[in-house]
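Working notes for the structure below.
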Ligand code: BGC
């Protein structure tokens, strides 16, 4: 018996040193206290767009007045009706075994007309109910203050993020939230992906207020080379002022932490030429350092200052100080995919794209071969190893700052058969692959505190309406029934350790098993 026990112990020890991919990934590949969760945002799931005195926001107005800009012409009026079904959704989260839930607050539900109107008690009450329901199940709320939506009134009054007046509005709004919910919220983030939404709003013009200029697109107004940077400047200063207020007036007594969430594609050089290698580096600079360098080092990265020149606003010495003395407690990274980067400084290329202002052309194809398996989004490919590279990059550049992977997920087309939607083997493989490389970054010393799948339920996918599905749960939008996909079962097994999660076994497991 003693010999058998010793052999068993040796096998266990040998398995423990194998890379997780080789022995099947499990929760214990991550440090104790690691947050595992799922993420959503208010406009994408809540619905109830006119209930209980909520004000109209920019997305309500945009989807109603410019339905043609949404793939299926639909909107978030009802979405997942989460506002009325939050209890069921909390139960779903609980059954999955997550210990955290990332959601955003609808600004227009709290302050229907911004700071000059009153606080809406029904809005406060809704988030109180949600937060309390989560805590009762042992699920930590991970709260985003701004996930793309702002009260419509602020769009009209300031031109949204283009007007400096919106800074005070954001500080006021965040203060209302810290005061109302901060006794129970340990994780705050100011903004979700300001580096993505400002590009969609002001370079490509596909998000409200739909501004752009040639060659990026034809909109009624806009300046694609200047406006995104005016908006980002106001966002950075709004962020810093909100963080300062939290640090000064709330953090000590409430004991929470505050950060910001950045969208982070990874870029590989298209060829091994020096120019393309630099292009990949530059694309990252225009993606990540655009927001994180001012927060950590007080200014935009050198390449941005050189290339954008007078289109990039300058920080005053006081603003630099405000930014640097209010560094974030953590960095949130939303990582989905990798593209190749091609240099456009020394060779001509198409510049009317997401990366155009960086003088980079990004593509998922090299000599006709894709960088990874395709997903429902044209530009998103499955490249799991980049999770490790992205995390190590941020970890090295912004040393000692905790990183949370605040979004990672796989998209399906709505015109896929129901059977394939539910038996989402590709999503399982995607999540398993990305988590494997995340655990590898952790083993190499990266300071990672948590991971959130996007998303718990299929939801309103912005310009794509309901045509793209990211949920672990399928939603029948006629009945609002939530149906677990294979990936929900896989995530639950992974989190609760209730069965092995080896890739091959997952592939052969059916959703109804
Ligand atoms: C956003 C989400 C979005 C997801 C999938 C992220 O850019 O934060 O709101 O649904 O990606 O596209």
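Answer yes or no: is there a residue in region 162-174 that is closer than 30 Å to residue 350 by Cβ and touching a residue at least 12 places away in the same chain (Cβ under 8 Å).
yes
Does residue 404 satisfy being in a strand (DSSP E or B) and buried (at least 17 other Cβ atoms within 10 Å of the Cβ)?
yes
Cβ-Cβ below 7 Å, separation at least six or inter-chain, first residue in region 252-273 and in contact (Cβ under 8 Å) with a residue 60 or more places away in the chain and more than 11 Å from residue 182 (Cβ to Cβ), second assigned to a loop (DSSP other than H, G, I, E, B) and within 13 Å of the ligand (Cβ to nearest atom): which pairs?
261/193; 262/193; 263/193; 264/335; 265/337
Of 363, 338, 369, which residue is crowded, with 22+ Cβ neighbours inside 10 Å and over 15 Å from residue 204 (Cβ atoms)? I'd like the intermediate steps shown before the answer.
On the way: 363 fails: crowded, with 22+ Cβ neighbours inside 10 Å; 369 fails: crowded, with 22+ Cβ neighbours inside 10 Å.
Within the list 363, 338, 369, the selection yields 338.
One residue is enough: does region 344-352 have a residue meeting the conditions away from the ligand (no atom under 16 Å from the Cβ), without any contact (Cβ under 8 Å) to a residue 24 or more places away in the chain, within 25 Å of residue 226 (Cβ to Cβ) and in contact with a strand residue (DSSP E or B) (Cβ under 9 Å, 6 or more places away or on another chain)?
Within region 344-352, one or more residues are away from the ligand (no atom under 16 Å from the Cβ), without any contact (Cβ under 8 Å) to a residue 24 or more places away in the chain, within 25 Å of residue 226 (Cβ to Cβ) and in contact with a strand residue (DSSP E or B) (Cβ under 9 Å, 6 or more places away or on another chain).
I'm trying to understand the selection: among the residues of region 447-456, which are more than 15 Å from the ligand (Cβ to nearest atom) and part of a loop (DSSP other than H, G, I, E, B)?
If the condition is that a residue be more than 15 Å from the ligand (Cβ to nearest atom) and part of a loop (DSSP other than H, G, I, E, B), then 447 is the only one that fits.
Those residues that are closer than 22 Å to residue 25 by Cα and away from the ligand (no atom under 16 Å from the Cβ), I need them from region 467-484; list them, please.
The one that is closer than 22 Å to residue 25 by Cα and away from the ligand (no atom under 16 Å from the Cβ): 484.
Would you be able to tell me the number of residues in region 52-79 that are in contact with a helix residue (DSSP H, G or I) (Cβ under 9 Å, 6 or more places away or on another chain) and free of Cβ contacts under 8 Å to residues at least 40 places away in the same chain? If you could, list the steps in order and put the result at the bottom.
Here is the first cut: in region 52-79, the ones in contact with a helix residue (DSSP H, G or I) (Cβ under 9 Å, 6 or more places away or on another chain) are 52-63, 69-77, 79.
Next cut, free of Cβ contacts under 8 Å to residues at least 40 places away in the same chain only: 63, 77.
So the answer is 2.
Pairs needed: first member in region 406-426, under 18 Å from residue 482 (Cβ atoms); second member anywhere, surrounded by fewer than 21 Cβ atoms within 10 Å (Cβ to Cβ) and modelled with pLDDT under 95; C-beta distance under 8 Å; at least 6 residues apart or different chains.
Here the result reads 422/511; 423/510; 423/511; 424/511, each pair linking region 406-426 to a residue that is surrounded by fewer than 21 Cβ atoms within 10 Å (Cβ to Cβ) and modelled with pLDDT under 95.
Based on what the data block shows, is residue 379 more than 24 Å from residue 444 (Cβ to Cβ), buried (at least 21 other Cβ atoms within 10 Å of the Cβ) and under 18 Å from the mean Cα position of the chain (by Cα)?
Details: more than 24 Å from residue 444 (Cβ to Cβ): yes; buried (at least 21 other Cβ atoms within 10 Å of the Cβ): no; under 18 Å from the mean Cα position of the chain (by Cα): yes.
No, not satisfied.
State whether one or more residues within region 251-263 are within 16 Å of the ligand (Cβ to nearest atom), under 21 Å from the mean Cα position of the chain (by Cα) and surrounded by fewer than 23 Cβ atoms within 10 Å (Cβ to Cβ).
There is at least one residue in region 251-263 that is within 16 Å of the ligand (Cβ to nearest atom), under 21 Å from the mean Cα position of the chain (by Cα) and surrounded by fewer than 23 Cβ atoms within 10 Å (Cβ to Cβ).
Of the residues 390, 341, 362, which is at pLDDT 95 or above, over 27 Å from residue 38 (Cβ atoms) and within 16 Å of the ligand (Cβ to nearest atom)? If you could, list the steps in order and put the result at the bottom.
Values: 390 fails: over 27 Å from residue 38 (Cβ atoms); 341 fails: within 16 Å of the ligand (Cβ to nearest atom).
Selected residue: 362, the only one of 390, 341, 362 that is at pLDDT 95 or above, over 27 Å from residue 38 (Cβ atoms) and within 16 Å of the ligand (Cβ to nearest atom).
Here's the yes/no breakdown for (1) assigned to a loop (DSSP other than H, G, I, E, B); (2) out of contact with any helix residue (DSSP H, G or I) (no Cβ under 7 Å at 6 or more places or on another chain); (3) at pLDDT 95 or above; (4) within 16 Å of the ligand (Cβ to nearest atom):
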site	(1), (2), (3), (4)
138	yes, yes, yes, no
169	no, no, yes, no
184	yes, no, yes, no
196	no, yes, yes, yes
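Only one of (1) surrounded by fewer than 18 Cβ atoms within 10 Å (Cβ to Cβ); (2) touching a residue at least 24 places away in the same chain (Cβ under 8 Å) fails for residue 220. Which number is that?
Single failed check for residue 220: (2).
For every residue, the table says whether it meets (1) out of contact with any strand residue (DSSP E or B) (no Cβ under 6 Å at 6 or more places or on another chain); (2) over 14 Å from residue 470 (Cβ atoms); (3) part of a helix (DSSP H, G or I).
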site	(1), (2), (3)
421	no, no, yes
436	yes, yes, yes
439	yes, yes, yes
445	yes, yes, no
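Output yes when any residue across region 457-466 is away from the ligand (no atom under 14 Å from the Cβ) and farther than 15 Å from residue 81 by Cβ, and no when none is.
no
Is at least one residue of region 462-482 buried (at least 20 other Cβ atoms within 10 Å of the Cβ), assigned to a strand (DSSP E or B) and out of contact with any strand residue (DSSP E or B) (no Cβ under 6 Å at 6 or more places or on another chain)?
yes
The conditions are (1) farther than 24 Å from residue 334 by Cβ; (2) assigned to a loop (DSSP other than H, G, I, E, B), and residue 210 fails exactly one of them. Which is it?
(1)
Just a yes or no: is a residue in region 157-165 in a loop (DSSP other than H, G, I, E, B) and crowded, with 23+ Cβ neighbours inside 10 Å?
Within region 157-165 (the criterion being in a loop (DSSP other than H, G, I, E, B) and crowded, with 23+ Cβ neighbours inside 10 Å), the answer is no, since none of the residues qualifies.
With respect to residue 402, is the statement that it is more than 16 Å from the ligand (Cβ to nearest atom) and touching a helix residue (DSSP H, G or I) at 6+ places or on another chain (Cβ under 9 Å) true?
No, not satisfied.
Could you pull out the residue among 343, 293, 299 that is more than 17 Å from the chain's Cα centre (by Cα) and surrounded by 21 or more Cβ atoms within 10 Å (Cβ to Cβ)?
After applying the criteria, what remains is 343.
Is it the case, given these coordinates, that residue 108 is outside any loop (DSSP other than H, G, I, E, B), in contact (Cβ under 8 Å) with a residue 24 or more places away in the chain and touching a helix residue (DSSP H, G or I) at 6+ places or on another chain (Cβ under 6 Å)?
no
Hey, among 145, 130, 134, which residue is within 11 Å of residue 105 (Cβ to Cβ), under 22 Å from the mean Cα position of the chain (by Cα) and in a helix (DSSP H, G or I)?
Answer to the selection: 130.
The values are calculated or read from the model by the stated rules, or taken from the named source; none is laboratory data. Predicted model, so just to flag it, every value in this text is computed and none were measured. Note: ideal-geometry Cβ built from the backbone for every residue, glycine included; neighbour counts use all protein chains shown.
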